[in-house]
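Okay, structure first, notes after.
The values are calculated or read from the model by the stated rules, or taken from the named source; none is laboratory data. All of these numbers come straight from a predicted model, not from anything done at the bench. Ideal geometry is used to build each Cβ from the backbone, glycine not excepted, and the neighbour counts take in all protein chains shown. Quick note on the areas: whole protein, heavy atoms, side chains included, nothing else; ligands and nucleic acids left out. Shrake-Rupley method; radii C 1.70, N 1.55, O 1.52, S 1.80 Å.
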Amino acid sequence: MQLIDFLQSTGFNRLRTQMGAQDLGHFELFDASCQLTLSERESLAQSGLAISAQDLKVLKDKTLAFKNSRVWLKSPSHYHLAYCQDAQELRHHSSILDVGTAVLPAQKDGGVCLACLALLQYQGVDSRRLRRPEYCDQVGKDFSLQEFGRHYPFYPVS
């Protein structure tokens, strides 16, 4: 079966003229089950979003994702950026998870999870260096979500 060239079709061109469409449009397939809606993107970027634990994905690079966006995962004491042991436990023992892409809000006990940074080998942090707290603590204190996003873009994830 061969499709007709719609640009050469008199009937379609007449209809386009009657509709007042000057430019040719484009179509983009959108599937809300695997792509973020506008309201979800806004919520993630502002205050975060509560999602079902089964909706949290682990990407090949071990970062965490919700639909087509990388996210951080909030735990009582840290923010997780990768699928470390604590993030695994949260995912398996909680039904609802708090995720986001916005700047990390202040956390009373700690900021970003150093085990996540070691798993990603972010800025030279690895399991050996976790034993040297002076280096890892400094990386944790200096951590910038914006800088992290340069290495691991949040949206869109392909």
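Ignoring everything except DSSP H segments at least 4 long, calculate the 222 nm mean residue ellipticity for the chain; use -39,500 (n - 2.57) per segment, divide by total residues, nearest 500.
Values: 6 runs with 51 residues, N = 158.
Only helices count here, giving -9000 deg cm²/dmol.
Subtracting the Cα-Cα distance from 0.36 nm times the residue separation, let me have the gained length for K141 to S52 in nm, one decimal.
29.0 nm
Suppose a student asked you for the relative contact order of the chain, using Cα pairs under 8 Å spaced at least 6 residues apart; what percent would you report?
Values: 195 pairs, mean separation 32.2, N = 158.
Once divided by the residue count of the chain, the mean separation gives 20 percent.
Going by Cα centres, the range 143-157 and the range 1-56 are how many Å apart?
26
Leaving ligands, DNA and RNA out of it, report the carbon-plus-sulfur percent of the accessible area of the chain at a 1.4 Å probe. Let's see the in-between values first.
On the way: 5380 of 10590 Å².
The C+S portion of the solvent-accessible surface of the chain is 51 percent.
Could you name the aspartates and glutamates in cross-link range of K74, using Cα to Cα under 18 Å and dropping any fewer than eight places away on the same chain?
E40, E42, D55, D86, E89, D98, D109
Can you compute the charge dipole magnitude of the range 1-131 about its Cα centre, using +1 on each Lys and Arg Cβ and -1 on each Asp and Glu Cβ, nothing else charged? Give it in debye, rounded to the nearest 20.
Once rounded to the nearest 20, the dipole reads 360 debye.
So between D126 and T37, what do we pick up on full extension, going 0.36 nm a residue minus the alpha carbon distance? Please report the intermediate quantities before stating the final value.
Numbers: separation 89, 0.36 × 89 = 32.04 nm, distance 3.56 nm.
That pair, D126 and T37, stretches by 28.5 nm at full extension.
Which of the listed residues, L81, A65, G20, is farthest toward the dipole's positive end in the chain, when Lys, Arg count +1 and Asp, Glu count -1 at the beta-carbon?
L81
Measure off 7 Å from each Cα along the Cα-to-Cβ vector at H93 and E28, then give the distance between these two points in nanometres to one decimal.
Calculated label separation equals 4.1 nm.
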